[in-house]
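Beneath this line is the structure, given in structure tokens, with notes to follow.
The values are calculated or read from the model by the stated rules, or taken from the named source; none is laboratory data. Nothing here was measured: the structure is a model prediction, and the numbers come from that model. Here the Cβ positions follow ideal geometry from the backbone for every residue, glycine too, while neighbour counts run over all protein chains shown. Surface accessibility is based on the protein's heavy atoms, side chains included, excluding ligands, DNA and RNA. Shrake-Rupley method; radii C 1.70, N 1.55, O 1.52, S 1.80 Å.
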Amino acid sequence: MSYQNWAGNFTYGATEMIFPESVEHLQQLVKEHRRIKVSGSGHTFNAITDTNGIFVSLRHWNRMLALNEERGTVTVEGGITYGELCAELALTDYALHNLASLPHITVAGAAATATHGSGSRNGSLAAAVEGIELVDANGELHTFSRGAAEFSGVVVNLGALGIVTKLTPERRAGLFHQTVRL
């Protein structure tokens, strides 16, 4: 079977698509497969996300896990899209400071590529990430927080460091309370 990006103008070389059911399952897949990449939303127009190994899809890892109103943070699973997250946040009167151009783009993918920002006052979602959890190439689970020396390189990693399982944007530049009155 062949896999294409969302526009249908790029065909990936992945031989199989696997949908891990848990972090432990994902860790096992990483340990078993030498060549493995996340398919994300398939929005990429080039070979950066391509592999001749397997794709893993976190499409079903699309939940908002926690909203901390005191700290102004939201923790989400690695496969959540902007459309899914915005729908969840709308129920809480919170919103992200900046959105992707299309609702099907994954939040983790946008952060990993530092896309969808505009200028010094409206940074990308990567600028708003406070915490990130990922499975590395050895199948080990790691958590990184803002302030750690390697943090910026972990957030904007172009998929080279591992598979993002959780992401936490924060209030300072990412999550804000909105009250809409009609």
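A few notes on this one:
- Electrostatic bookkeeping for Ala14 treats Lys and Arg as +1 and Asp and Glu as -1; over the other residues with beta carbon under 14 Å from its beta carbon, the sum is +1.
- Ligands, DNA and RNA left out, the accessible area of the chain computed with a 1.4 Å probe is 50% carbon and sulfur.
- FRET efficiency, 1/(1 + (r/R0)^6) with R0 22 Å, evaluated for Leu99 and Arg63 via beta carbons: 0.70
- Computed on the Cα trace of the stretch 61-121, the radius of gyration divided by the Kirkwood hydrodynamic radius gives Rg/Rh = 0.95.
- Taking the longest Cα principal axis of the chain as reference, the axis of helix 23-32 is set at about 30 degrees.
- Contour minus Cα-Cα distance for Ile48 and Asp136 (0.36 nm per residue): 29.9 nm
- Building the convex hull from the alpha-carbon atoms of the stretch 25-166 and averaging its projection over directions returns 8.8 nm².
- For the chain, accessible area per residue (1.4 Å probe, heavy atoms of protein chains only), Å²: 53
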